[in-house]
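Encoded as structure tokens, the structure appears first; notes follow it.
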């Protein structure tokens, strides 16, 4: 497959300007273009023509493109970046001008939604009503199961990032267990991993000569957790959907359609949700544009 460099990707919209009313630059890879295009066409509706989106790879690339845009060019452009751990720390750039900073960890966080999940189960099942399948999905309870341990983990990730550490985010697939026929998150394994991150933070404090490292950690943890309460909405905003919520949601859907361990391909799963999820949480994009 032909791979384009950053500069070539940045220039691509010029060749497709006739297909779009506005140029949208995002993170991620070229393989994600159809996902983004589907999602943005739903968010923006028929008023704005969008047939192409330009993923530039990483946050740094998007910010560089935003900072170095040609202000004399009157072509409408939007630059969009993920919230990431900086969202938890409130250290992201602010949404300003034609830069949009997502108010969730990443774009995939907006896909974790009861509506899209029920639709996928409904068309996969083919014989039960949506109401019956809604009860089987039990979306709120599923969120409640995952929220405490994952929120704790990502608060610790954020504290480590605050002090210069680069946490290895890992993936939900590293922390799974079986509950009967259902594959679920092993909360004990996640808690152990979170404690490892905490130990790394404390060790960093000791090396840097911070007096009372345990107190410093506790103060940081309390300060962040006061802002990001342990609830379902916090889970949907600060925990990486790409690494955790999407794969866990795949397993939950599989359980509801009795499909076993064979997962729908991730790109197909994301695309279906982009086409069917409730887009209210993304209304700020349309308002900004």
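Bear in mind these aren't lab numbers, they're just calculated from the coordinates by the rules spelled out. Please read all numbers here as calculations on a predicted model, not as lab measurements. Positions of Cβ are generated from backbone atoms using ideal geometry, with glycine treated the same way; all protein chains shown enter the neighbour counts.
For a paramagnetic label modelled on residue 90 (point 7 Å from Cα along Cα→Cβ), amide N atoms under 19 Å away are absent within the stretch 166-198. Kirkwood hydrodynamic radius of the stretch 140-233, from the reciprocal of the average inverse Cα-Cα distance over all distinct pairs: 14.3 Å. Only one item in [x] 6, 26, 31, 24, 12, 2, 0; [y] 7, 30, 35, 21, 8, 1; [z] 6, 21, 19, 13, 10, 9, 7, 7, 6, 1, 0 matches P(r) over Cα pairs in 10 Å bins from 0, in percent derived from the coordinates shown, and that item is [x]. Looking at the stretch 110-277, the pairs of alpha carbons with a distance over 23 Å make up 44% of the total. Taking a virtual spin label 7 Å from the Cα of residue 259 along the C-beta vector, which residues in the stretch 160-202 bring their backbone nitrogen under 14 Å of it? It comes to 183, nothing else. Averaged over residues, the count of other Cβ atoms within 10 Å places the peptides 212-221, 263-272, 238-247 in the sequence 238-247, 263-272, 212-221, highest first. The relative contact order of the chain comes to 24 percent, based on Cα pairs under 8 Å that sit 6 or more residues apart.
Summarising the label geometry, the points placed 7 Å from Cα in the beta-carbon direction at residue 195 and residue 232 lie 3.0 nm from one another.
Explain nothing, just the number: relative contact order of the stretch 178-289, from Cα pairs under 8 Å at least 6 residues apart, as a whole percent. Let's see the in-between values first.
Working: 33 pairs, mean separation 36.2, N = 112.
RCO, the stretch 178-289: 32 percent.
If the elastic network links every pair of Cα atoms under 10 Å, which of 76, 237, 37 fluctuates the most in the Gaussian network model of the chain? Maximum fluctuation in the GNM of the chain, among the listed residues, is at 76.
Of all DSSP beta bridges confined to the chain, the antiparallel ones make up roughly 45%. Take the Cα pairs of the stretch 53-127, get the Kirkwood Rh, then feed it into Stokes-Einstein at 25 °C and 0.890 mPa s and tell me D in µm²/s. In µm²/s, the coefficient is 167.
If you rank 104, 140, 127 by fewest surrounding Cβ atoms within 10 Å, what's the result?
Details: 104 22, 140 10, 127 6.
Fewest to most other Cβ atoms nearby, the residues stand as 127, 140, 104.
Taking the Cα of residue 19, stepping 7 Å toward and past its beta carbon, and measuring to each backbone N in the stretch 49-90: which are under 15 Å? Residues 49-55 fall inside that zone. Two numbers describe the Cα atoms of the stretch 135-185: Rg and Dmax, which are 14.0, 44 Å.
Please give the calculated 222 nm ellipticity per residue for the chain, where each DSSP H segment of at least 4 residues contributes -39500 (n - 2.57) and the sum is spread over every residue; nearest 500 deg cm²/dmol? Numbers along the way, then the final one.
Details: 13 runs with 148 residues, N = 289.
Only helices count here, giving -15500 deg cm²/dmol.
Build a GNM of the chain with springs between Cα atoms under 10 Å apart, and of 62, 211, 30 the one that fluctuates most is 211. Here the convex hull built on the C-alpha positions of the stretch 213-253 has a volume of 87 cubic angstrom per residue. The value of relative contact order for the stretch 110-277, using C-alpha pairs under 8 Å at least six residues apart, is 40 percent. If you plug the beta carbon distance of residue 163 and residue 75 into 1/(1 + (r/R0)^6) with R0 = 45 Å, you get a FRET efficiency near 0.65.
When a/c is below 1.5 the answer is rounded, else prolate if a/b is larger than b/c, else oblate, so apply that to the stretch 83-193 with a ≥ b ≥ c taken from the square roots of the Cα gyration tensor eigenvalues. Note, shape of the stretch 83-193 comes out oblate.
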